[in-house]
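Computed from the coordinates by the stated procedures, all read-outs in this text should not be read as laboratory data. All values reported here derive from a predicted model rather than from experimental measurement. Cβ placement follows ideal geometry from the backbone for every residue including glycine, while neighbour counts extend to all protein chains displayed.
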Amino acid sequence: MDKDKLRSLLEDIQSGTINVDKAMEELKILPYEDLGFAKIDHHRSLRNGFPEVIFSQGKTKEQVKMIMEKLAKQNRHVLATRAGEEIFQEVQKAVPQAIYHETARVIEYRAEPAKKSGNILVISAGTADLPVAEEAAVTASAMGHNVERLYDVGVAGIHRLIDKQGLFLSARVIIVVAGMEGALASVVAGLVDKPVVAVPTSTGYGASFHGLAALLAMLNSCAAGIGVVNIDNGFGAASLASTIIKSGGLT
């Protein structure tokens, strides 16, 4: 249940549109709803400003469908990450308005358009990093931010990045997604006065150790102003970027 839905419910009680017993029925699932295999946190939007996000990996398609259906009844906007096409097809049976972002592997349900504020720029080093970059971009947009994308501008051809520096000016937070040695985050942070959220990806040959090399490089960056999230965690990067904007009053 989000703030708008709760406010609407309280206004209905005040106006007499619904009685207290009906309101109690609406509120009985707070703070969570127990499905046996999952406990859905319907209170999260009130605490954190965005509903609980479903991490689909490791769940059955039936489980994701049920969780998505329950969340959609109580929230105007719901996301499921790391979801394949088969999961999406199952979710659509219960939530027909859901859409699928294929590259990002994200299922999104939105009851109404979101008001956008705070520009986030998502940069990827290579095309192989796009699934993680798109997860970040789709999530950031879902959380109510304007998103610009700048892809395939890694350090192997640094002129491609320098040529697009104008995009940096309008961004409030920059998310940098890179695998291999993860050097792009340091380069970008050295060029801007904005917070940079670095996302190491598991892209790379053997010595990249499935993203560990990029993770350590980003953590050891000599450029200031970088926050690093876990390997392939595009969702976490967008969530952190959104929190920076909302808590800092940036628009």
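Add +1 for every Lys or Arg and -1 for every Asp or Glu among the other residues with Cβ under 11 Å from the Cβ of residue 204, and state the total.
Computed value for this residue: -2.
Quick one: pull the percentage of alpha-carbon pairs in the chain with a separation above 25 Å.
Percent of Cα pairs beyond 25 Å in the chain: 47.
Across segment 39-154, how large is the tail of the calculated P(r) beyond 16 Å, expressed as a percent of all Cα pairs?
Across segment 39-154, Cα pairs with separations above 16 Å total 60 percent.
Looking at segment 54-152, what % of its DSSP beta bridges pair antiparallel, to the nearest 5?
Antiparallel: roughly 50 percent of the beta bridges in segment 54-152.
Grab the DSSP H runs of the chain that are 4 residues or longer, score each as -39,500 (n - 2.57), total them, divide by all residues and round the 222 nm result to the nearest 500 deg cm²/dmol.
Mean residue ellipticity at 222 nm (helix-derived): -11500 deg cm²/dmol.
Could you list 123, 99 so that the one with the fewest beta carbons within 10 Å of its beta carbon is first and the one with the most is last?
99, 123
Any idea which of 146, 219, 237 is furthest toward the positive side of the dipole for the chain, if Lys and Arg beta-carbons carry +1 and Asp and Glu beta-carbons -1?
Farthest towards the positive pole: 146.
On full extension of the chain, what length is gained from residue 117 through residue 89, given 0.36 nm per residue of separation minus the C-alpha to C-alpha distance?
Stretched fully, the residue 117-residue 89 segment lengthens by 6.9 nm.
Considering only DSSP beta bridges where both residues belong to the chain, give the percentage that are antiparallel (nearest 5).
Looking only at bridges with both residues in the chain, the antiparallel portion is about 30 percent.
Taking the Cβ-Cβ separation of residue 103 and residue 222 as r and a Förster radius of 22 Å, what is the calculated FRET efficiency to the nearest 0.05?
Result of the calculation: an efficiency of 0.10.
Given springs between every Cα pair under 10 Å in a Gaussian network model of the chain, which of 220, 75, 19 has the largest fluctuation?
For the chain, modelled as a Gaussian network with Cα springs under 10 Å, the answer is 19.
As an exercise, identify the trypsin sites (Lys or Arg not before Pro) in segment 108-141 lying in DSSP coil whose Cβ has no more than 14 other Cβ atoms within 10 Å.
115, 116
Starting from the alpha-carbon convex hull of segment 119-248, give the projected area averaged over all orientations, in nm².
Reported value for the Cα convex hull: 6.6 nm².
Once the dipole of the chain is set up with Lys and Arg at +1 and Asp and Glu at -1 on Cβ about the Cα centre, which of 88, 17, 56 lies farthest towards its positive end?
It is 17.
How far is the Cα center of segment 39-90 from the Cα center of segment 95-140, in Å?
Cα centroid to Cα centroid, the span is 15 Å.
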